[in-house]
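Asker: Dropping a structure here in structure tokens format, bear with me for questions.
What follows is calculated from the coordinates using simple rules that are stated; it is not laboratory data. Just so we're clear, the structure is a prediction, and the values are computed from it rather than from any experiment. When we count neighbours, we look across all protein chains shown, and the Cβ atoms used for this are built from the backbone with ideal geometry, even at glycine.
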There are 2 protein chains.
Amino acid sequence: MTVNETIQSLLNHRSVRDFKPQPLDDQTLATLLEVAHQGASSMFLQEFSILSITDQAIKDQLAEICGQSQHQVNRNGHLFVFVADQYRNQLIASQQQVDTTLLHETDRLLGCVYDATIGAQSLITAAESLGLGTVVLGSILNDARQVIQLLHLPHLTFPLFAVAVGYPNDLPEQKPRLPQSVVNFTNTYQLPVDFEAQLDAYDTELQSYYEQRHLNPRRETFRQSLAREVVSSPRHRRELLAILKEQGFLEHDR
Amino acid sequence: MTVNETIQSLLNHRSVRDFKPQPLDDQTLATLLEVAHQGASSMFLQEFSILSITDQAIKDQLAEICGQSQHQVNRNGHLFVFVADQYRNQLIASQQQVDTTLLHETDRLLGCVYDATIGAQSLITAAESLGLGTVVLGSILNDARQVIQLLHLPHLTFPLFAVAVGYPNDLPEQKPRLPQSVVNFTNTYQLPVDFEAQLDAYDTELQSYYEQRHLNPRRETFRQSLAREVVSSPRHRRELLAILKEQGFLEHDR
């Protein structure tokens, strides 16, 4: 394998959920924020914003929304919320008397999510290259309406996920991924003929990882983990289409 | 600023649209594909797949869809298509007689887009760290239905974007981004009081970049570029909500 410092860092990724109570210094923070905006941008619309959550009361409320066991939300080095943002572009376009219908359409929500997630992964990669730990918190979607209120998010914005960064208290073992043959294809979508056998082998590998890891060990295969995640979801997460439309997204499409 | 090799590479990003006709070697390709699946995964559902397009006829058809001037689609070192994928998870869950309603909901489409884009940005960062050039091609959405047919994408999958990677023929200058004060906020969403003045300064900076760059120079500000992008869109890009629903996504939400 072709490996350099950057690739080694990417291959070494694991999510950290236990941080020292040490804030990031200003220089590191400035670097991470700069890196986050240097990635590719769909149609160069630069359609996301980042909120740094420094107010402990807001962090505590976000932790409440994310779930009681999610201490990484209010105990970390820094908490970023990544926001899909066509509000800024609509403001600029409106001042030029340009029709902004397209900014409300599905295409442009996807553009926001691409841009924001590219920015987040750049920030995460930079942070990890500095020895920091990171975790992506999709759990802010447990109550997106409350997050929108809490952070005063205007129309045509939407809180996609948070990223907590900090000095790790403890580094988890690396979680094995699905075998390459069931996630990478050539030319057309085609699961391998031995899909079940590949999945059996992966279930054995993942179960062994879960049993042997020093943090929160448990007995579970990939099939079981998937079945558990698929059967239930917090109530407000099942209203995300409605909430996106309330914010002005996914409108006007044919 | 805190800078190491990885951060330098991230800060140095630019999109490359002119590649030498030299394919990636197998080792580099294997590295990039491995890196792409090591990122964070929402609920650990690993809900995306990557198609490597090696068939020149398919590349040519994708280039047609993306637009006639998009030579980077069929002339590059390698072309990856990133696919939102709940098909694989639905197959696994169904075999366990688990209700898969949630896999069709908005929450899980967002999860797919997060996972796929994290994977793509890791792949891009790894490629750029090796001196390769990259470009994200959202333009495959100009006709998503045709892409779905062409790549035999099953129900509950969706082609989000492509990424072309290769040896650059020519390295563009770096495009200036919006000022940090209009994209990064603290605790609540709040554009700065001098937003217009900041935008004026940025318009001057970006216009100067467009005028002076050696590839495809033109005279345009950010406000003008935004107005141009916002006023029109290829017909099928305005049908993405319908196409996503045809593929089984964004269903069942309250």
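Asker: What is the Cα radius of gyration of the stretch A:125-188 over 2.2 N^0.38 Å, N being its residue count?
Answerer: 1.61
Asker: List the relative contact order of chain A as a percent without decimals, with contacts defined as Cα pairs under 8 Å and 6+ residues apart.
Answerer: Relative contact order, chain A: 26 percent.
Asker: Here is a further query. Can you give the local net charge around B:Glu220? Use residues other than it whose beta-carbon is closer than 14 angstrom to its beta-carbon, Lys and Arg +1, Asp and Glu -1.
Answerer: In short, +2.
Asker: Still on this structure, please answer the following. About its Cα centre, what dipole magnitude does chain A give when the only charges are +1 on Lys and Arg Cβ and -1 on Asp and Glu Cβ, stated in debye to the nearest 20?
Answerer: So the magnitude is around 460 debye.
Asker: Sort shortest first the distances from A:Arg213 to its counterpart in every other copy, using label points 7 Å along the Cα-to-beta-carbon line, and give them in nm.
Answerer: 4.2
Asker: Can you tally the net charge around B:Asn74? Count Lys and Arg as +1, Asp and Glu as -1, for every other residue whose Cβ sits under 11 Å from the Cβ of B:Asn74.
Answerer: With Lys, Arg at +1 and Asp, Glu at -1, the net is -1.
Asker: As an exercise, use a Förster radius of 22 Å and the Cβ-Cβ distance of A:Gln174 and B:Val3 to find the FRET efficiency, rounded to the nearest 0.05.
Answerer: Step by step, r from the Cβ atoms, then E = 0.25.
Asker: Residue by residue through the stretch A:146-163, which ³J(HN,Hα) values in whole Hz follow from phi under the Karplus form 6.51 cos²θ - 1.76 cosθ + 1.60 (θ = phi - 60°), with glycine and proline marked x?
Answerer: Result, ordered by residue: 5, 5, 4, 5, 4, 9, 6, 7, x, 3, 6, 10, 7, x, 7, 6, 10, 10 Hz.
Asker: Take the eigenvalues of the Cα gyration tensor for the stretch B:1-137, scale each by 5, and report the square roots as semi-axes in whole Å, largest first.
Answerer: 29, 21, 13
Asker: Then there's this: What is the Cα radius of gyration of the stretch A:49-89 over 2.2 N^0.38 Å, N being its residue count?
Answerer: For the stretch A:49-89, the normalised Cα radius of gyration comes out at 1.28.
Asker: Give me the distance in nm between label points sitting 7 Å out from Cα along the Cα-to-Cβ direction at A:His71 and B:Asp99, one decimal.
Answerer: According to this spin-label approximation, the distance is 3.4 nm.
Asker: If you project the alpha carbons of the stretch A:92-244 onto their three principal axes, what span does each projection cover, largest first, in Å?
Answerer: In descending order, the Cα extents are 59, 43, 35 Å.
Asker: Got a sec? How would B:Met1, B:Met43 order by Cβ neighbour count within 10 Å, fewest to most?
Answerer: Result, fewest neighbours first: B:Met1, B:Met43.
Asker: If you don't mind, another one. Quick check: from the Cα gyration tensor, does the stretch A:63-171 come out rounded (a/c under 1.5), prolate or oblate?
Answerer: prolate
Asker: Provide the FRET efficiency to the nearest 0.05 for the A:Glu64-B:Val231 pair, computing r from the beta carbons and using R0 = 45 Å.
Answerer: 0.55
Asker: Long-range amide H contacts for B:Leu160: which residues qualify at under 5 Å (H placed 1.01 Å from N, peptide plane, sequence gap of 5 or more or a different chain)?
Answerer: HN-HN under 5 Å from B:Leu160: B:Phe82, B:Val83, B:Ala84.
Asker: Taking the Cα centre of each part, how many Å lie between the stretch A:123-148 and the stretch B:201-243?
Answerer: 30
Asker: Same structure, new question: What nm distances, shortest first, do you get from the label point of B:Pro234 to those in the other copies when the point sits 7 angstrom along Cα to Cβ?
Answerer: 3.8
Asker: Can you tally the net charge around B:Val183? Count Lys and Arg as +1, Asp and Glu as -1, for every other residue whose Cβ sits under 14 Å from the Cβ of B:Val183.
Answerer: Around B:Val183, the charge tally is -2.
Asker: Mind listing the phi-derived Karplus ³J(HN,Hα) values for the stretch B:90-103, rounded to whole Hz, using 6.51, -1.76 and 1.60 with θ = phi - 60°, and x for any glycine or proline?
Answerer: Values, residue by residue: 5, 4, 5, 5, 4, 5, 9, 6, 9, 5, 9, 3, 4, 5 Hz.
Asker: In whole Å and largest first, what semi-axes does the C-alpha gyration tensor of the protein assembly as shown yield when each eigenvalue is scaled by 5 and square-rooted?
Answerer: Working from the Cα gyration tensor, I get semi-axes of 31, 28, 24 Å.
Asker: Using amide H atoms built in the peptide plane, which far-off residues or other-chain residues are under 5 Å from A:Thr2 H to H?
Answerer: It is B:Thr31, by chain and number.
Asker: Hey, got the dipole for the stretch B:153-217? About the Cα centre, +1 on K and R Cβ, -1 on D and E Cβ, debye to the nearest 20?
Answerer: So the dipole magnitude of the stretch B:153-217 works out to roughly 360 debye.
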